[in-house]
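Beneath this line is the structure, given in structure tokens, with notes to follow.
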Amino acid sequence: MQSLAPSSTINIKSILRTPSPSPSPSLFRHHRLTFTVNSAARRFDSAPNTGSITNPAVPPSAPPPPAAPATPATGGVGKSRADWQSSCAILASKVVSQQQNTEKTGGADNITVVNGHKTLDLVPVEKIPKPLTITDLSPAPMHGSTLRVAYQGVPGAYSEAAAGKAYPDCEAIPCDQFEVAFQAVELWIADRAVLPVENSLGGSIHRNYDLLLRHRLHIVGEVQLPVHHCLLALPGVRKEFINRVISHPQALAQCELTLTKLGLTVTREAVDDTAGAAEFVSANKLRDTAAIASARAAELYNLNILADGIQDDSSNITRFVMLARDPIIPRTDRPFKTSIVFAHDKGTSVLFKVLSAFAFRNISLTKIESRPHRNRPIRLVDDANVGTAKHFEYMFYVDFEASMADVRAQNALAEVQEFTSFLRVLGSYPMDMTPWSPSRGD
Ligand SMILES: O=C(O)C(=O)C[C@]1(C(=O)O)C=C[C@@H](O)C=C1
């Protein structure tokens, strides 16, 4: 994975207004994407719920990329997939013409006719383009051959490490908010986003569940990352000097007991990400503040490691999901997981009925999460319902261990749809099966 040095920030609006049709890759290499509300961005925020099953086995037609700036040209080949395909067609027709011409002239003449025009520089026979295969038709990077992966945070964040684990040769693009990572993919600035959804100690990262519903991206994979926290401070600073510890709220929660054991019953302050906390201590030369972050963050921001492995549990794992504009085609030849979200209007025991649709088919659930329904969070009930002052409405997120290509999953979902007023498949994707051991400092 290519690492990115942090520096000043740019915003999506300015990227979209860049007049050049091919923004330089270095633009991204040194900047962090920030959030500026613009009309394009708002369009995605308000994506309506369909209330119907979205089947990842049937990829929706991809939206056209936005204006030219977001679709850089790569060499002589066109910018979009359509350009690229028509380039292939032109090349192919050149080859045919060349062969015909060679037959006629014995190969002496290298001028030929393509689509009625005389042209030079024929494609040599040994470079005849290969026919398209099914892999050519799967979602491909739009920025040359390097996959661009958006993550929240600055270099040194665990999310950057997760992006590298998910896509080893990717170019990781730091974003200042989760929402920006979603938008970077929607606006074709990035090809994928890798975002945390739950941690073995701290629980769910609710913000990302809410954003999954508000945006139209698909879950195409998952990675589990052992998270090994360090306590970082400026060189020369000792633990006794510290009167404040800053980090991402999840990281603070994951180290709460250990901090107390270390005698650091000091102010704890939440910031956007762990590496950002390290960068802040370093940039402001704070001698009374420590950051909880990775060993890589210590290296990047020239901090010392005061304590290593300070997470309260050595098996501290964060699960990240990989998001893309298009779903992947589900398969049955390896373990798959499917994530859905649903809501129901009325009826009794709906949740029980939904869960039993999976239980009766021996499909294991790996996660269930409820979130207050954003549009109708609280409804007051009438006086007859004495004792229940308010009625909450929820969206339920469920992960189960089966592929959408598995007939059991299809039948279960058909049944779930009968009990629910809204159902969406967020993605059907290969399970991360890598065995993990207690987190190490890597
Ligand atoms: O702050 C970071 O480094 C992140 O990547 C975010 C995050 C999170 O959101 O949970 C990721 C992994 C750790 O659990 C702590 C923080």
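Taking all protein chains as present, what is the carbon and sulfur share of the accessible area of the range 152-233, in % to the nearest whole number, probe 1.4 Å?
The C+S portion of the solvent-accessible surface of the range 152-233 is 53 percent.
5 Å is the cut-off here: which amide hydrogens, built 1.01 Å from N in the peptide plane, fall below it relative to Met395, excluding neighbours closer than 5 in sequence?
Counting only residues 5 or more places away or on other chains, the set is Arg371, His373.
Of all the Cα-Cα pairs you can form in the range 241-310, what percent are over 18 Å apart?
Of all Cα-Cα pairs in the range 241-310, 27 percent lie more than 18 Å apart.
Counting C-alpha atoms alone, how compact is the range 237-276: give Rg to one decimal and Dmax as a whole number, in angstrom.
Over the range 237-276's Cα set, Rg and Dmax evaluate to 9.9, 26 Å.
By average Cβ neighbour count within 10 Å, what is the ranking of 358-369, 176-187 from highest down?
Per-residue mean Cβ counts within 10 Å order the peptides as 176-187, 358-369.
The values are calculated or read from the model by the stated rules, or taken from the named source; none is laboratory data. This one's a predicted model, so the numbers in the text were calculated from it and none came from an experiment. Note: ideal-geometry Cβ built from the backbone for every residue, glycine included; neighbour counts use all protein chains shown. These accessible areas exclude ligands, DNA and RNA; they are computed on the full protein's heavy atoms, side chains included. Shrake-Rupley method; radii C 1.70, N 1.55, O 1.52, S 1.80 Å.
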